[in-house]
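Shown next, in structure tokens, is the structure this report addresses.
The values are calculated or read from the model by the stated rules, or taken from the named source; none is laboratory data. It should be emphasised that the depicted structure is a prediction, and the values quoted were computed from it without experimental measurement. Note: ideal-geometry Cβ built from the backbone for every residue, glycine included; neighbour counts use all protein chains shown. The area values use the complete protein model at the heavy-atom level, side chains included, leaving out ligands, DNA and RNA. Shrake-Rupley method; radii C 1.70, N 1.55, O 1.52, S 1.80 Å.
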Amino acid sequence: MPISDAAMEFSIYYWGNDDGVGRDKYKMLLEGAKFADKNGFCAVWTPERHFHAFGGPYPNPSVTGAAVAAVTQNIGVRSGSVVAPLHHPARIAEEWSVIDNLTNGRAGLAIASGWQPDDFVLRPENAPPNNKKAMVESIEQIRKLWRGEAVPFPRADGSMHEVVTQPRPVSKELPVWVTIAGNPDTWREAGRLGCNVLTHLLGQSIDEVAGKIKIYHEELRKAGHDPKDFSISLMLHTYIAETRDEARETARQPMRDYLTSAAGLIKQYAWAFPAFKRPEGVNNAFDLQLDVLEPDDMDAILDFAFERYFNDSGLFGTVEDALARAEQLKRIGVTEIACLVDYGIDREVVLDGLRPLAKVVKAAQKAPELDEDDFSIAAQIVRHDVTHLQCTPSMARMFAMNDEARFALGRVQHLFLGGEPLPGALVAEFGQITDAKVTNMYGPTETTIWSSVERARAGNSVVNIGTPLVNQQMYILDDTREPVAVGQEGELWIGGQGVTRGYWKRADLTAEKFVPNPFHEGRMYATGDLVRRRADGRIDFVGRVDHQVKLRGFRIELGEIEGVLEGQPGVTQAVVVAREDMPGDIRLVGYYTGDTQDEVTLRDAMGTRLPTFMVPGRFVQLESFPLTPNKKVDRKALPKPQTKAAPVVRKEVVAQPVTVSNVPAGDLAAIEQGISLIWTNILGVEGFSGRDSFFDLGGHSLLAVQAHRAIRDEFGAKGLSITDIFRFPILSDLVGCVASKMDNVPPPPDSVKETSETNDRAQSRSDAMARRREMRARRRA
């Protein structure tokens, strides 16, 4: 399905390099504003720059904003930005009130603290480091003045004068953005102030911006605001063309010239460039003298900067490229792309380039069209506007591994997780995915599903199971069914109206588990869960009284599995445990003493008597079992299974053939090698053959999700679905499926044949890696 149904707003952002004088200097600004006004853009931004050709045409955004206001009817007119510490707050309020009247309420103000020391000749008292404090004070004063409140300012003699500005604006509240270069503290400040954010990708990546948006949203919530009510505008250098190559070549030299003008940015890139080391003794970027660079060094830095912008930090390429970037930014919470268009491309080329950009604007506003046969969790959430979702923690973890599901979960308001212990780490992860309230639900089927609830919060290793629901009771009892003290462990018994009649036609088991309630009327049920009560009345889950576990939603009796394992020829003793050697990855491991067993043969034999989810994925042979002082098997001391070669099994495997048509003649050997490496990393085994099955090697549904994601990303197989992992579990079949869905992978020459020569294999691997790097570069673009 399309990744989201959220709209993305687009605006035009100007920050041109001064290229001469005359009336036509502002033609691009005015003609671009007229076009934007008629084609669905939301605003035009103009900046404030002083004393430098870089941004020189824009010394006062209220002046250029008034010009835009005079030729538009629909779009917002915004500063991008007013450097508030350079001005008296009353002047800012007055000038932008004029624009608000000219536009009938379309004014917006991005406010910056300023960074260039020379600019503060206009107001030296606010020069760094006083600029940040002055900006915060100005925001509060401008907001009050805009509302019509009297704000006191000092006269020359030191006395205070209450100022009420004129003219009065149309809008009751002034939309305010804080302009942020990347400092997380400024993101926090914007959240505390309840301001929108205007930022860019100069010196920060999309992933870094994503992390800062989370910080910003957290601060908004702390201040009592809903993040959905605020905008995050991201400035991107922009040029859209018919082909990606045309866009690259059109933008290359203008961007290089533009970056040369931005000397401070080039200095920053110099230090990011791997071949250019920070000179000894230079601690500040502005201490670095670029005139000492050799021409080749400067060219390399400019090439690096341009490629970084073009591939990772701009809105470049085709309409499809731009829409993909917009979707990427939607996922992290960006609500508006401010398209910087005037960085040196010829004026008429820029204005012509607005036409394909308008197609992007139009397409980005459309709601996604879901395929009729798309019944993924993401599609279902979107299709039915789901607000409440209930599942197991294992299922929730699968959702978290899927990009579409992660985004769709942002629409959910309530998430109920139960059926297994709920890790605090999973709650923390979902706190980054959705604003939904997460509730831990506890209760066995025997007490009508849920018996207690607890609002889940990150911080604990396992979320407690809370307190009983109305009309249900929870008792923590010892072996004699007497209550234990607070803080002591005991078995959890449940009484009340949720207790069922018993097991169908299992009178003996019903009598064992359902007994008269000595503390309340009715009966109570023995859950087999080991718990302890806190002083506040909440209950912590500790484990099981017996050896029963919950695994991916299934209740499993380890003793039953142990019995089947011990029944295998040559096995003298067996113990089965559920291990979590990697966070969130719980696997059954069978330990045994006796004769050495072939793992695949052992799994097949146990699979005839047990369902698949109860068959251990790994087996470990021991000389003897570790014992506790009481001479019981010390399950906690059992060793972690070691990564080892899986046996090469030559057997007939019934598998579906690859039926995708037009399978490209790609380098199947290289693809198989790459998938094998992914399987090894995920499953912890190696040495398998092309006829081995992912699931026979220990894979399960959660690991299949990980494998799908890794294979899709590694090989650029965007059409590979999670169901393909289940349809083609055999390695060689999966290789063919992946090869058929790889994007734009050139086939090798017909003359290239698979040989056993070492050098040919090495060259094949090298070529495959080069193609993968190419694919990754294209995807990042």
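A single entry from Thr46, Thr72 fulfils the requirement of being under 26 Å from Val361 (Cβ atoms), hydroxyl-bearing (Ser, Thr, Tyr), modelled with pLDDT of 95 or more and over 32 Å from the mean Cα position of the chain (by Cα): Thr72.
Is there a residue in region 718-732 that is modelled with pLDDT of 80 or more, among the basic types (Lys, Arg) and not in a helix (DSSP H, G or I)? No, every residue in region 718-732 fails to be modelled with pLDDT of 80 or more, among the basic types (Lys, Arg) and not in a helix (DSSP H, G or I). Looking only at residues in region 311-323 that are surrounded by fewer than 21 Cβ atoms within 10 Å (Cβ to Cβ) and modelled with pLDDT of 90 or more, the one that is nearest to Asn196 (Cα to Cα) is Leu323. Please indicate, with yes or no, whether at least one residue in region 92-112 is polar (S, T, N, Q), within 36 Å of the chain's Cα centre (by Cα) and assigned to a loop (DSSP other than H, G, I, E, B). So far as region 92-112 goes, no, none of its residues is polar (S, T, N, Q), within 36 Å of the chain's Cα centre (by Cα) and assigned to a loop (DSSP other than H, G, I, E, B).
If the condition is being over 17 Å from Gly699 (Cα atoms) and hydroxyl-bearing (Ser, Thr, Tyr), then region 587-621 contributes Tyr591, Tyr592, Thr593, Thr596, Thr608. Tell me which residues, restricted to region 128-148, are farther than 23 Å from Gly108 by Cα and in contact (Cβ under 8 Å) with a residue 24 or more places away in the chain. Selection gives Asn130 alone.
Of all residues in region 702-720, those satisfying the criterion of being open to solvent by less than 20 Å² (accessible area, probe 1.4 Å) and in contact (Cβ under 8 Å) with a residue 24 or more places away in the chain are Leu702, Leu703, Val705, Ala707, Ile711, Phe715, Gly716, Ala717.
Of everything listed in (1) over 24 Å from Ile345 (Cα atoms); (2) at pLDDT 85 or above; (3) open to solvent by 60 Å² or more (accessible area, probe 1.4 Å); (4) not basic (Lys, Arg), the single unmet condition for Asp245 is (1). Within region 673-684, being under 14 Å from Ala707 (Cβ atoms) and out of contact with any Ser or Thr (no Cβ under 7 Å at 6 or more places or on another chain) holds for Gly674, Ile675, Ser676, Leu677, Ile678, Trp679, Thr680, Asn681, Ile682, Leu683.
Of all residues in region 158-192, those satisfying the criterion of being within 26 Å of the chain's Cα centre (by Cα) and under 27 Å from Leu102 (Cβ atoms) are Trp177, Val178, Thr179.
Arg355 - would you say it is surrounded by fewer than 17 Cβ atoms within 10 Å (Cβ to Cβ), in a helix (DSSP H, G or I) and basic (Lys, Arg)? Yes.
Checking each residue in region 514-554 for being without any contact (Cβ under 8 Å) to a residue 12 or more places away in the chain and over 19 Å from Asp479 (Cα atoms) picks out Glu521, Asp536.
Counting only helices (runs of 4 or more DSSP H) that sit wholly inside region 493-612, not one has at least 2 residues that are modelled with pLDDT under 90, touching a Phe, Trp or Tyr at 6+ places or on another chain (Cβ under 7 Å) and not aromatic (Phe, Trp, Tyr).
Criterion first (surrounded by 21 or more Cβ atoms within 10 Å (Cβ to Cβ), under 25 Å from Gln642 (Cα atoms) and touching a residue at least 12 places away in the same chain (Cβ under 8 Å)) does Gly687 satisfy it? Against the criterion (surrounded by 21 or more Cβ atoms within 10 Å (Cβ to Cβ), under 25 Å from Gln642 (Cα atoms) and touching a residue at least 12 places away in the same chain (Cβ under 8 Å)), Gly687 does not qualify.
Filtered by the rule that a residue be buried (at least 17 other Cβ atoms within 10 Å of the Cβ) and polar (S, T, N, Q), region 104-163 gives Ser113, Asn126, Asn131, Ser138, Gln141. For region 164-173, residues that are touching a strand residue (DSSP E or B) at 6+ places or on another chain (Cβ under 9 Å) and surrounded by fewer than 20 Cβ atoms within 10 Å (Cβ to Cβ) total 3.
Scanning region 421-445 for residues that are part of a strand (DSSP E or B) and among the polar types (S, T, N, Q) turns up Thr439, Asn440. Counting only residues that are under 18 Å from Thr612 (Cβ atoms) and free of Cβ contacts under 8 Å to residues at least 12 places away in the same chain, region 568-580 holds 0 of them. Residues that are touching a residue at least 24 places away in the same chain (Cβ under 8 Å), within 17 Å of the chain's Cα centre (by Cα) and in a loop (DSSP other than H, G, I, E, B) within region 200-232 comprise just one, Ser205.
The number of residues in region 361-396 being under 28 Å from Gln432 (Cβ atoms) and either open to solvent by 40 Å² or more (accessible area, probe 1.4 Å) or touching a strand residue (DSSP E or B) at 6+ places or on another chain (Cβ under 9 Å) (or both) comes to 23.
Val349 - would you say it is hydrophobic (A, V, I, L, M, F, W, C), surrounded by fewer than 17 Cβ atoms within 10 Å (Cβ to Cβ) and under 30 Å from Pro57 (Cα atoms)? Criteria met by Val349. Here Pro626 does not fit the description of being touching a strand residue (DSSP E or B) at 6+ places or on another chain (Cβ under 8 Å), buried (at least 19 other Cβ atoms within 10 Å of the Cβ) and at pLDDT 70 or above.
Somewhere in region 332-345, is a residue aromatic (Phe, Trp, Tyr) and open to solvent by less than 10 Å² (accessible area, probe 1.4 Å)? Yes, because at least one residue in region 332-345 is aromatic (Phe, Trp, Tyr) and open to solvent by less than 10 Å² (accessible area, probe 1.4 Å). Restricting attention to region 590-606, the residues that are open to solvent by less than 40 Å² (accessible area, probe 1.4 Å), within 22 Å of Phe695 (Cα to Cα) and touching a strand residue (DSSP E or B) at 6+ places or on another chain (Cβ under 7 Å) total 5. Kindly indicate the residue of region 476-529 that is aliphatic (A, V, I, L, M) and loosely packed, with under 11 Cβ neighbours inside 10 Å and also nearest to the chain's Cα centre (by Cα) among those meeting that condition. So the residue we want is Ala485. Screening Gln390 with (1) under 22 Å from the mean Cα position of the chain (by Cα); (2) part of a helix (DSSP H, G or I); (3) touching a residue at least 40 places away in the same chain (Cβ under 8 Å) gives one miss only, at (2).
Of all the listed residues (Arg457, Arg411), the sole one being over 23 Å from Asp713 (Cβ atoms), touching a helix residue (DSSP H, G or I) at 6+ places or on another chain (Cβ under 7 Å), modelled with pLDDT of 85 or more and surrounded by fewer than 19 Cβ atoms within 10 Å (Cβ to Cβ) is Arg457. The test for being crowded, with 16+ Cβ neighbours inside 10 Å, outside any loop (DSSP other than H, G, I, E, B) and touching a Lys or Arg at 6+ places or on another chain (Cβ under 9 Å) does not hold for Arg308.
Of all residues in region 399-415, at least one satisfies being in contact with a strand residue (DSSP E or B) (Cβ under 6 Å, 6 or more places away or on another chain), closer than 27 Å to Ile682 by Cβ and without any contact (Cβ under 8 Å) to a residue 60 or more places away in the chain.
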